[in-house]
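Asker: Below is one structure. I have some questions about it.
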Amino acid sequence: MKKRFVKINDCCIGDKVALDIITETGAVIVTEGTVLNEFIINKLRNLGINNIHIYSESENLDSSNIAFENLSKEYSKNVDTVKNIIGDLALGKKLDYGVISNIADDIKLEMENKDNVIKFLSTFKAYDEYTYNHSLNVAFYSMLLGKWLGLREDVITELTKAAVMHDLGKAKIPEEILNKKGPLTQKEFEIMKKHAQYGYEIAKQDTRISLEVLKGILMHHENEDGSGYPLKIKGDKINLFAKIISICDVYDALTQERVYKGRMTPFDAFKIIELEGYTKFDTKILLTFLHNIASYYIGMQVILSDGQAGEIVYVTPQNVSYPIVKVGDELIDLMNRKDLRIVSLLN
């Protein structure tokens, strides 16, 4: 889409920000992709920001709804494909890398409308097929994060393939462990941990798969502090694809509904990742993910812990866990209301 540089007074509710809006001190206050609302426009005026970049084309509601429906259909098709791939591998068949490439191409096409993708991943319910949904979700998030990091398109394509395949090794994990309706025992977890090595062994049989993709599959559970598995390596020894996939893997696992646990909201997930993630993840990549993804929840309808319904009107990029929610005519800054939290997102 084309970009326009416009006066803040000429902006309309629903316009989409085309470049990060930065203060004189260098702090990002509104990230690219944010949809403007009355609160954000007034905030920018009060900060003395007179001009911003916006996209010149906005989708109307009908076209957005159609795109959302098409995404849902395409997503379901690819989930079935991933399910078939893992089923075939469990039977001892070889990996069909051409199918993986097709899935990556489909994901790239869907990324033309990132708003719909994130909204869809945040609200759909399909916990009975978590393993297959999860592979696809992590690929979506990884492609987004690759774009936010400014990676080349050919690198992002390879990253997406690695993300689609990151859990292929689960085809070799016993079903009673893989589909257990509850937390794993320590012994079961030790077996589950082998899936990274198994996935690497499966993928390396196809000579078309690059070394970087293979490393992404093998290392996606390695941690920056060396506490991960299977190699227990740290820092710069961890492959870039693995660093990206690991963040997306944890975020999706936290925010998706499972047979034995409910869905965690993105904001509760942000809190956990911020508390635990800085020793486990690459800090630059983690901050890039958090700062960017949080803005896509602006405009979503939510339910607060006191039962009130509201709308997220702003998320501070540097403090993503506590958004500002509008309830009726009241603006509630959750940073200053620790007695309240968002308990669910609405479609």
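Every read-out reported here was derived from the displayed coordinates using simple, explicitly stated rules and does not represent laboratory data. All figures in this text were calculated on a predicted structure; none of them were measured in a lab. FYI the Cβ positions are ideal-geometry reconstructions off the backbone, even for glycines, and counts take in every protein chain you see.
Asker: Take F68 and T23, extend 7 Å from each Cα along the Cα→Cβ direction, and tell me the distance between the two endpoints in nm.
Answerer: 3.4
Asker: Over the residues of segment 27-176, compute the C-alpha Rg and express it relative to 2.2 N^0.38 Å.
Answerer: Details: Rg = 18.7 Å, N = 150, 2.2 N^0.38 = 14.8 Å.
Rounded to two decimals, the normalised Rg is 1.27.
Asker: Something else: Only sites in a loop by DSSP and with at most 11 other Cβ atoms within 10 Å count here; which GluC sites (Glu not before Pro) in segment 191-239 make the cut?
Answerer: Here no loop site has a sparse enough neighbourhood.
Asker: Just grab the label-to-label distance for N51 and R152, each label 7 Å out from Cα along the Cβ direction, in nm (one decimal).
Answerer: Output for this residue pair reads 3.4 nm.
Asker: List the residues whose amide H sits under 5 Å from the amide H of G226, counting only those 5 or more places along or on another chain, with H placed 1.01 Å from N in the peptide plane.
Answerer: Here the answer is G235, since their amide H atoms fall under 5 Å of that of G226.
Asker: So what is the diffusion coefficient of segment 148-279 in µm² per second by Stokes-Einstein at 10 °C and 1.306 mPa s, using a Kirkwood Rh over Cα pairs?
Answerer: Answer from the Stokes-Einstein relation: 101 µm²/s.
Asker: Taking the Cα centre of segment 1-108 as origin, sum charge times position over the Cβ atoms of Lys and Arg (+1) and Asp and Glu (-1), and report the length of that vector in debye to the nearest 20.
Answerer: Numbers: 13 positive and 16 negative charges, 36 e Å.
Charge dipole, segment 1-108, about its Cα centre: 180 debye, nearest 20.
Asker: What number, in percent, do you get for the relative contact order of segment 1-125 if the mean sequence gap of Cα pairs under 8 Å and at least 6 apart is divided by its residue count?
Answerer: Normalised by residue count, the contact order of segment 1-125 is 24 percent.
Asker: May I pose another question? When only C-alpha pairs under 8 Å and at least 6 residues apart count, what is the relative contact order of the chain, in percent?
Answerer: Once normalised by length, the contact order is 15 percent.
Asker: Can you check what the Kirkwood hydrodynamic radius comes to for the chain, Cα pairs only, in Å to one decimal? Walk me through the intermediate numbers first.
Answerer: On the way: mean 1/r = 0.0472 Å⁻¹.
Kirkwood radius, the chain: 21.2 Å.
Asker: What does the charge add up to near A309, with Lys and Arg as +1, Asp and Glu as -1, over the other residues with Cβ less than 13 Å from its Cβ?
Answerer: Neighbour charge sum, excluding A309 itself: -2.
Asker: Per DSSP H run of at least 4 residues, take -39500 (n - 2.57); add these up for the chain, divide by its residues and hand me the 222 nm value, nearest 500 deg cm²/dmol.
Answerer: So the helix-based figure for the chain works out to -15000 deg cm²/dmol.
Asker: May I pose another question? Show me, for segment 277-283, the HN-Hα J-couplings you get by feeding each phi into the Karplus relation (A = 6.51, B = -1.76, C = 1.60, θ = phi - 60°), rounded to Hz, glycine and proline as x.
Answerer: x, 6, 8, 9, 10, 5, 4
Asker: Report the charge-dipole magnitude of segment 15-54 in Debye, nearest 20, computed about the Cα centre from +1 at each Lys and Arg Cβ and -1 at each Asp and Glu Cβ. Mind dumping the intermediate values first?
Answerer: Working: 3 positive and 5 negative charges, 19 e Å.
It comes to approximately 100 debye.
Asker: What's the FRET efficiency of D96 with K232 using the Cβ-Cβ distance as r and R₀ = 30 Å, to the nearest 0.05?
Answerer: 0.40
Asker: Tabulate in residue order the Karplus-calculated ³J(HN,Hα) for segment 200-209, using 6.51 cos²θ - 1.76 cosθ + 1.60 with θ = phi - 60°, rounded to whole Hz; enter x for Gly and Pro.
Answerer: 4, 5, 5, 5, 5, 6, 9, 5, 6, 7
Asker: Using modelled amide H (1.01 Å from N, peptide plane; none on Pro or chain starts), what sits under 5 Å from the amide H of V313, excluding residues fewer than 5 places away?
Answerer: Here G299, I324, V325, K326 satisfy the definition.
Asker: In terms of modelled amide H atoms, which long-range or inter-chain residues lie less than 5 Å from the amide H of D15?
Answerer: Those qualifying (amide H under 5 Å, at least 5 residues apart or on another chain) are L36.
Asker: Another question, if that's okay. Please give, to one decimal in nm, the separation of the simple spin-label points placed at R337 and I303, each 7 Å out from Cα toward the Cβ.
Answerer: If labels sit at R337 and I303, their model points lie 1.7 nm apart.
Asker: Then there's this: Using only C-alpha atoms and all pairs of different ones, pull out the Kirkwood radius for segment 237-288 in Å with one decimal.
Answerer: Values: mean 1/r = 0.0860 Å⁻¹.
Over segment 237-288, the inverse of the mean reciprocal pair distance is 11.6 Å.
Asker: Right, another one. Taking the 0 to 90 degree range and rounding to the nearest ten, how far is the long axis of helix 97-110 tilted relative to the main principal axis of the chain, both from C-alpha atoms?
Answerer: Taking Cα atoms only, the helix is inclined about 10 degrees.
Asker: Just want the answer: with Cβ charges of +1 for Lys and Arg and -1 for Asp and Glu, which residue in G169, N336, I298 is farthest toward the dipole's positive end in the chain?
Answerer: Looking along the dipole axis, the top candidate is G169.
Asker: Using each residue's phi in segment 88-96, evaluate 6.51 cos²θ - 1.76 cosθ + 1.60 at θ = phi - 60° and report the 3J(HN,Hα) Karplus result to the nearest Hz, with x for Gly and Pro.
Answerer: For segment 88-96, the Karplus curve yields 5, 5, 5, 8, x, 7, 7, 5, 9 Hz.
Asker: What are the equivalent ellipsoid semi-axes of segment 183-224, built from the alpha-carbon gyration tensor (square roots of five times its eigenvalues), in whole angstrom, biggest first?
Answerer: Rounded to whole Å, the semi-axes are 24, 12, 5.
Asker: Could I ask something else about it? Calculated FRET efficiency, T131 and K77, Cβ-Cβ r, R0 22 Å, to nearest 0.05?
Answerer: Approximately 0.85, to the nearest 0.05.
Asker: Report, to the nearest 10°, how far helix 240-255 tilts away from the longest principal axis of the Cα atoms in the chain, using its own Cα long axis and a range of 0 to 90°.
Answerer: 70
Asker: Projecting each Cα onto the charge dipole of the chain (Lys/Arg +1, Asp/Glu -1 at the beta carbon, about the Cα centre), which of L214, N102, T265 comes out farthest on the positive side?
Answerer: Sorting the options by dipole projection puts first L214.
Asker: Based on the alpha carbon coordinates of segment 195-347, what radius of gyration and maximum Cα-Cα distance (Dmax) apply, in Å?
Answerer: That works out to 18.4, 60 Å for Rg and Dmax.
Asker: Using the beta-carbon distance between E201 and I177 and R0 = 30 Å, what value does 1/(1 + (r/R0)^6) give for FRET efficiency, to the nearest 0.05? Write out the running numbers ahead of the final one.
Answerer: Working: r = 18 Å, r/R0 = 0.61.
E between E201 and I177, to the nearest 0.05, is 0.95.
Asker: Moving on. Given an 8 Å cut-off on Cα distances and at least 6 residues of separation, report the relative contact order of segment 73-176 as a percent.
Answerer: 36
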